[in-house]
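Encoded as structure tokens, the structure appears first; notes follow it.
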Amino acid sequence: MADIEISDMAKLMNLNSSTLRYYESIGLITDIKRNASGKRVYSERDIKWIEMIGRLRETGMNINKMKKYAQLRKMGDSTITERKNIMQEHLNFIENKIEELAKSRDYVAKKVEIYTKMEEKINGK
């Protein structure tokens, strides 16, 4: 994929252009190239990184933790263990959230079952 401009990147990632600019302003996205007319252009590597940021955001990682991860990433291989620890902690968070959601799903499913039985009783089935 060729370099893409901010509006196309925003559409691709289902974000606003202002969100991308904000991420850049806080150091979450760095080293974005600009074309001859001064517009931001995103490389394949940038796309993958922004996709990762989106996944982390979707799964509940806060901005400060993402910034810490981004700083460590920029420092290179000497930070692999720290980055792994951040990802492990977030994985644990996600797994706990999945368990909570499964319990909530089961609760709601039981409510639906109760109401279905009540409807059948009322309707004489």
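Considering (1) free of Cβ contacts under 8 Å to residues at least 40 places away in the same chain; (2) within 15 Å of the chain's Cα centre (by Cα), the lone condition that Gly54 does not fulfil carries the number (1).
Scanning region 11-41 for residues that are under 14 Å from the mean Cα position of the chain (by Cα) and either at positive phi or among the hydroxyl-bearing types (Ser, Thr, Tyr) (or both) yields a count of 3. With respect to the stated conditions, Thr116 is loosely packed, with under 13 Cβ neighbours inside 10 Å and of a type in the set (S, T, N, Q). Considering region 1-55, and only residues there that are loosely packed, with under 14 Cβ neighbours inside 10 Å and of a type in the set (Gly, Ala, Ser), the residue that is nearest to Lys65 (Cα to Cα) turns out to be Gly27.
So, Asp8, is that one on the phi > 0 side of the Ramachandran plot and out of contact with any helix residue (DSSP H, G or I) (no Cβ under 8 Å at 6 or more places or on another chain) or not? Spelling it out, it is not the case that Asp8 is on the phi > 0 side of the Ramachandran plot and out of contact with any helix residue (DSSP H, G or I) (no Cβ under 8 Å at 6 or more places or on another chain).
Looking at region 74-83, can you tell me whether even one residue there is under 28 Å from Ile32 (Cβ atoms), charged (D, E, K, R), surrounded by 10 or more Cβ atoms within 10 Å (Cβ to Cβ) and at pLDDT 95 or above? Looking through region 74-83, at least one residue is under 28 Å from Ile32 (Cβ atoms), charged (D, E, K, R), surrounded by 10 or more Cβ atoms within 10 Å (Cβ to Cβ) and at pLDDT 95 or above.
The values are calculated or read from the model by the stated rules, or taken from the named source; none is laboratory data. Being a predicted model, the structure only gives us computed values, none of them experimental. Neighbour counts are summed over all protein chains in view; Cβ atoms, including those assigned to glycine, are modelled from backbone coordinates with ideal geometry.
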